1. Just checking, how many residues over the range 64-84 are open to solvent by less than 10 Å² (accessible area, probe 1.4 Å) and within 16 Å of ALA220 (Cα to Cα)?
2. Residue check: is ALA220 assigned to a helix (DSSP H, G or I), within 16 Å of the ligand (Cβ to nearest atom) and under 25 Å from PRO171 (Cα atoms)?
3. For residues that are touching a residue at least 24 places away in the same chain (Cβ under 8 Å) and among the charged types (D, E, K, R), scanning just the range 190-241, find the one that is nearest to LEU26 (Cα to Cα).
4. How many of the residues making up the range 323-357 are under 19 Å from LEU21 (Cβ atoms) and either in contact with a helix residue (DSSP H, G or I) (Cβ under 7 Å, 6 or more places away or on another chain) or open to solvent by 50 Å² or more (accessible area, probe 1.4 Å) (or both)?
5. I'm trying to understand the selection: among the residues of the range 346-384, which are free of Cβ contacts under 8 Å to residues at least 60 places away in the same chain and small (Gly, Ala, Ser)?
6. Restricting to the range 180-204, what's the tally of residues that are within 12 Å of the ligand (Cβ to nearest atom), over 11 Å from the mean Cα position of the chain (by Cα), part of a loop (DSSP other than H, G, I, E, B) and within 19 Å of LEU78 (Cβ to Cβ)?
7. Examine the range 157-168 for a residue that is buried (at least 22 other Cβ atoms within 10 Å of the Cβ), within 14 Å of the ligand (Cβ to nearest atom) and at negative phi, and state whether such a residue exists.
8. For residues in the range 92-110 being surrounded by 24 or more Cβ atoms within 10 Å (Cβ to Cβ) and not in a loop (DSSP other than H, G, I, E, B), which is nearest to the ligand (Cβ to nearest atom)?
Amino acid sequence: MSESAVTKEKRRTELKARIWLSPPHLSGREKELVEEAFASNWVAPLGPHVDAFERELCTYTGAGYAAALSSGTAALHLALILCGVERGHEVICQSFTFAASANPIVYQGATPVFVDSEPDTWNMCPHLLEEAIKDRLSRGRQVKAVVAVHLYGMPAKTEDILNVCRKYDIPLIEDAAEALGSRRHGKACGTQGRFGVLSFNGNKIITTSGGGALLSEDEAAIQKARFLATQARDPAPHYEHSHIGYNYRMSNVLAAIGRGQLETLEDKIRARRAHFERYRRFFEDVEGVKFQPEVEGNFSNRWLTCILVDAGCCGFDREMLRLAMEAENIECRPLWKPMHLQPVFRDAPRYGGSVSERLFRDGLCLPSGSGLTEEEWERIEETLGQVVHKSRNA
Ligand SMILES: Cc1ncc(COP(=O)(O)O)c(C=O)c1O
């Protein structure tokens, strides 16, 4: 291409608005509720929207109690503290996940032990979990908690993981950051372990711009979480502290956004599942492209539609797809790089690894926002179609 053709091509791409993987989608009463918070001067931390958001999260998920917090990471951190995780302890964590599932283990001075996924759900393998627990205990280690993740909205085999946890009397923390609205055998993700964690980060199925929640059946534990999240202030007219605290609470303004978002959650799930179905139909005739399976008993919110590309079969690999999309200003991302491959966790013990390594090698997340327009869909299908047809004609 001549220089001017390159410049023209660059300009053409720049003119096209970026299609994001999962942008925020405000579609309901968010503004009205935020204005109400302003009108009542409840812009300070806490307030009536926070209380209402917590109640509504419980009603929606069936959880007993909820604490609205500043992020999903804060919720994970508090869950670990409430499970008694301290320096010298170990916590078993799914390797195939985002770093936020594992980082709070290190905040506590404990060691993460990574366990691989199973091919069925792409989440923690219950058999490998038991193998890891047995081995850690036989080495005299104190395993204080298990963090299992419902990745991309797909429920893990929670009952099997819970059975293993119960056998060894280790609490389960469900990282349901990506899985609000997903269910396994009718039970909401995040409600079966001792603690469940939700995220309302900007890219999640509903957002408060930034935020999270801790769920539990244990009322005292949620009260303690609220106490720790507001700088652990003991009851006294002056400031009195007998614990180390955190500034982890959600503000009333952000809770107002969350309430508006929650009202439209079912529409958002419907939209994301419809996107999944459209991608599935698109790739139906392409041998070598597979999707994250939704096994018997699972209902996924399909937060992100993820594919695996078998390059040997397809004649293209996931990177060719990603780069073609990027050239058209369409965001796609490889699946999570497993934690046991991350430089920062290179010394952490791990059990298995080949399943998540393959998912990382071949996997791609496709644009899945609930607000995707028909025009955007046409750009996506055209770009994907070009790669598929090129490989067929090669
Ligand atoms: C699996 C997983 N766990 C934890 C988090 C952390 O949530 P937050 O960004 O709200 O801290 C995220 C998302 O960011 C996530 O995807």
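The values are calculated or read from the model by the stated rules, or taken from the named source; none is laboratory data. Keep in mind that what you see is a predicted model, and the values were worked out from it rather than measured. Every residue, glycine as well, gets a Cβ built from its backbone with ideal geometry; the counts of neighbours run over all protein chains shown. Side chains included, ligands, DNA and RNA excluded: accessible areas come from the protein's heavy atoms. Shrake-Rupley method; radii C 1.70, N 1.55, O 1.52, S 1.80 Å.
1. 7
2. Working: assigned to a helix (DSSP H, G or I): yes; within 16 Å of the ligand (Cβ to nearest atom): no; under 25 Å from PRO171 (Cα atoms): yes.
No.
3. LYS204
4. So in the range 323-357, the residues under 19 Å from LEU21 (Cβ atoms) come out as 323-337.
Restricting the remaining residues to those that are either in contact with a helix residue (DSSP H, G or I) (Cβ under 7 Å, 6 or more places away or on another chain) or open to solvent by 50 Å² or more (accessible area, probe 1.4 Å) (or both) gives 323-330, 332-337.
The total comes to 14.
5. Just the residues of the range 346-384 that are free of Cβ contacts under 8 Å to residues at least 60 places away in the same chain, to begin with: 346-347, 357-358, 361-364, 373-375, 378, 382-383.
Across the range 346-384, the qualifying residue is only GLY363.
6. 2
7. Kept after step one, since they are buried (at least 22 other Cβ atoms within 10 Å of the Cβ), are these residues of the range 157-168: 158, 161, 164-165.
Filter once more, so that each one left must be within 14 Å of the ligand (Cβ to nearest atom): none.
The answer is no, given that none of the residues of the range 157-168 is buried (at least 22 other Cβ atoms within 10 Å of the Cβ), within 14 Å of the ligand (Cβ to nearest atom) and at negative phi.
8. Applying the filter and picking the extreme gives SER101.
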